[in-house]
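I have placed the structure first, in the form of structure tokens, so that the comments after it can refer back to it.
Only the coordinates and a few stated rules stand behind these numbers; no lab work does. Computed from a predicted model, the values in this text were never measured in an experiment. FYI the Cβ positions are ideal-geometry reconstructions off the backbone, even for glycines, and counts take in every protein chain you see.
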Amino acid sequence: MTTICFIGGGNMARSLIGGLIARGHQAQHIRVVEPVAELRDALRADFGVAVHDSSAAAARSADVIVLAVKPQVMAAVCGQLAELATVPGPLYLSIAAGISHAHYSRWLGASAALVRAMPNTPALISAGACGLHANPAVSAEQRRLAAEIMGAVGDTRWIADEALMDAVTAVSGSGPAYFFLLMEAMIEAAVAEGLDPDDARALVLQTALGAARMAREGSDAPGELRRRVTSPNGTTQAAVETFEARGLRETVAAAIHSATERGRQLAAEFGG
């Protein structure tokens with residue numbers, strides 16, 4: 001069975017470990033490097049995985065090394081792992097935002113096989129969405145492994161052009177916050193119209209869930225689903241026309257563009 005070493009034992013690593021074990025990956029083939037003793041103890045207790053406080057020994061002989069640390073410390077972490085990037089060597093799987101293959105190539109060596117992954121927080125409940133991009137050193141088997149690991153907590157999509165990973169970050173990586181903001185605004189508006197706060201919250205959240213399921217499980221595009229529920233001169237039309245008149249589409253486009261640009265800036269800031 002594939003041996004996987006996680007560098008970093010935070011929430012995303014925990015969700016991936018839990019998802020992998022739920023799908024049958026044996027705990028004895030998972031290692032975690034985590035400097036915080038309390039987190040190490042919790043990982044050992046919850047999942048039965050081997051835990052370490054330094055990466056040197058833990059990462060050696062691993063088939064996959066998952067880089068699950070903050071972008072600010074990625075250069076230092078890669079410096080400790082560079083000696084392992086031989087040919088053939090392990091697959092490096094990074095879940096850090098904003099760091100390009102060029103940076104990893106400089107830190108790990110040009111021969112390192114690396115997949116960039118951009119998951120999102122719904123992965124914590126196994127409902128994530130993740131974009132993946134592989135560098136040329138990644139083999140077909142390693143691509144399968146990367147998709148299998150990230151697929152343990154949600155859906156995955158391979159992105160052919162690395163330059164589009166910043167757009168992936170803006171759409172799905174940051175995207176849950178946009179929906180949370182809309183839910184928050186709808187709840188506040190419902191309360192302002194006189195609904196009890198608990199009733200407003202329950203109605204908004206279930207409506208969001210139901211709409212997402214209809215869009216996901218059916219074959220019709222979201223635009224068609226919207227048209228079906230928008231009766232002429234009805235309440236939905238009144239609301240939709242207000243959204244459109246106040247520039248909802250333009251605001252969403254501007255927000256996603258801002259997030260995409262910020263991803264590019266992060267690459268420059270954390271690239272070291």
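Highest first, please rank the peptides 260-266, 247-253 by the mean number of other Cβ atoms sitting within 10 Å of their residues. Provide the component values of the computation, followed by the final result.
Numbers: 260-266: 16.0, 247-253: 10.7.
Peptide ranking by packing, descending: 260-266, 247-253.
So, counting K/R as plus one and D/E as minus one, what does the shell of residues with Cβ under 12 Å around A68 add up to?
Overall, the nearby charge balance is +1.
Mind telling me which of R14, R144, R106 comes out most flexible in a GNM of the chain, alpha-carbon contacts under 10 Å?
The residue that fluctuates most here is R144.
How much of the DSSP beta bridge set in the chain is antiparallel, as a percent to the nearest 5?
Details: 4 of 28 bridges.
The answer is about 15 percent antiparallel.
So, counting K/R as plus one and D/E as minus one, what does the shell of residues with Cβ under 13 Å around P119 add up to?
Every neighbour counted, the sum reads +2.
What spacing in nm lies between the two simple spin-label points modelled at N11 and A127, each 7 Å away from Cα in the Cβ direction?
1.5
GluC sites (Glu not before Pro) within the range 194-245: which are DSSP loop residues with at most 16 other Cβ atoms inside 10 Å? Show your work: numbers first, answer last.
Values: sites: E217, E224, E241, E244; in loops: none.
Filter output for the range 194-245: empty list.
Evaluated at 25 °C with a viscosity of 0.890 mPa s, what Stokes-Einstein diffusion coefficient in µm²/s does the chain have when Rh comes from the Kirkwood expression over alpha-carbon pairs?
Details: Rh = 20.6 Å.
Estimated diffusion coefficient is 119 µm²/s.
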